[in-house]
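The values are calculated or read from the model by the stated rules, or taken from the named source; none is laboratory data. Keep in mind that what you see is a predicted model, and the values were worked out from it rather than measured. So basically every Cβ, Gly included, is an ideal-geometry build from the backbone, and we count neighbours across all protein chains shown. Calculation scope for accessible area: heavy atoms of the full protein, side chains included, ligands and nucleic acids excluded. Shrake-Rupley method; radii C 1.70, N 1.55, O 1.52, S 1.80 Å.
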Amino acid sequence: MLALRRALGSGWKPVAWLILVGMFGLFPTMSVARADPLKIVAAENVYGDIAKQIGGPDVGVTSILNNPDQDPHLFEISPSVGRDVSAAGIVIYNGIDYDPWMEKLLATARSTSRKTIVVAALVGRKPGDNPHIWYDLATMSALAKTLSDILIAADPAHKVGYEERLAQFDASLKPIQAKIGELHARLAGTLVTATEPVFGYMFDALGVQVRNQAFQLAVMNNTEPSVSDIAAFENDLKTHQVKLLIYNSQATDPIADRMRKLAQASGVPVVGATETEPAGKNYQAWLLSELDAVDHALPKQNP
């Protein structure tokens, strides 16, 4: 301290002294807020939404896949996406081969300070598993907690805010859990089907029995379903073996669209599900709206 005082000369002022002390970190208990919001890039807008909910005003979030009318499987990298990833302090992406382009971007724009969250890895999902993991509430809770921990470590001045928003997020999932419980009690064991396994984790939560899974995997992987798989699917619809069809309303496929039309013609209820979070809805509202659609498609039977 004496050396600093001498360096200032005889005209030193207490205010100037405090400024220097702050600059040199001589008050280690003081927490200095970040000058700019921490930049987060999310490959999918559902993860960008969670980042906004947890980070609040202390983060800036960019979501790459954010158009509900676009097929995510047809996405192509642009220079602006590369720039966004290069500038990000935190990157969130799905993993398990759903967004392999993000891995390529990260390999090109290497950084020792950037934090990366591979959502599938948080819950032990591996390549070959259903990649539509945002339909699993436990996965999203794990993401929210992991992100909160990373933000607190990077920006301890706003620790309380991150913790409060995490608690709010966890509480906001309770109505969804309640709706799932209500539907499970009524629909467990019901035979259903889908054009793709987009809704697969939610099907598991509802306890329904899913048919035509080989067909679904073929469509998801952009391969032609076998003749026998197509015939079995058509028979399930024509004979009302299944009580509900979920179709991917975001990705266009001729054979899947054919099954949707056959279901409608056969009087089998049809509900659309998307891979990208719809505009104007947050994660919670999105899931509740799709669960409500299932509820309305399979109304309670009169005693």
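When region 137-153 is filtered for residues that are open to solvent by 40 Å² or more (accessible area, probe 1.4 Å) and either in contact with a Phe, Trp or Tyr (Cβ under 6 Å, 6 or more places away or on another chain) or within 19 Å of N221 (Cα to Cα) (or both), nothing remains. When region 219-262 is filtered for residues that are open to solvent by less than 50 Å² (accessible area, probe 1.4 Å) and among the β-branched types (V, I, T), the ones remaining, listed by number, are V219, I230, V242, I246, I255. So R165 passes all but one of these: (1) in contact with a Lys or Arg (Cβ under 9 Å, 6 or more places away or on another chain); (2) in a helix (DSSP H, G or I); (3) surrounded by 16 or more Cβ atoms within 10 Å (Cβ to Cβ); (4) not hydrophobic (A, V, I, L, M, F, W, C). Which condition number does it fail? All conditions pass for R165, except number (1).
Kindly provide the set of residues from region 108-122 that are of a type outside the set (S, T, Y) and open to solvent by 50 Å² or more (accessible area, probe 1.4 Å), ordered by number. I'd like the intermediate steps shown before the answer.
Looking only at region 108-122, we keep the residues that are of a type outside the set (S, T, Y), and these are 109-110, 114-115, 117-122.
If the condition is that a residue be of a type outside the set (S, T, Y) and open to solvent by 50 Å² or more (accessible area, probe 1.4 Å), then R110, K115, A121, L122 are the ones that fit.
For region 263-282, a residue qualifies if it is of a type outside the set (V, I, T), buried (at least 17 other Cβ atoms within 10 Å of the Cβ) and either closer than 14 Å to K243 by Cα or more than 29 Å from the chain's Cα centre (by Cα) (or both), and the qualifying residues are A263, P269. If you check S249, S289 for being among the small types (G, A, S), within 30 Å of S172 (Cβ to Cβ) and at pLDDT below 95, only one passes: S249. In this structure, V160 does not satisfy being touching a Gly at 6+ places or on another chain (Cβ under 6 Å) and on the phi < 0 side of the Ramachandran plot.
Evaluate region 129-143: report whether one residue or more is more than 15 Å from the chain's Cα centre (by Cα) and at pLDDT 95 or above.
Looking only at region 129-143, we keep the residues that are more than 15 Å from the chain's Cα centre (by Cα), and these are 129.
Pick out the ones that are also at pLDDT 95 or above and you get 129.
Checking region 129-143: at least one residue is more than 15 Å from the chain's Cα centre (by Cα) and at pLDDT 95 or above.
Could we say that M259 is at negative phi, aliphatic (A, V, I, L, M) and modelled with pLDDT under 95 here? Here the answer is no, as M259 does not meet what is asked.
Here L298 passes the criteria (1) more than 17 Å from F199 (Cα to Cα); (2) touching a Pro at 6+ places or on another chain (Cβ under 9 Å); (3) surrounded by 18 or more Cβ atoms within 10 Å (Cβ to Cβ) except the one numbered (1).
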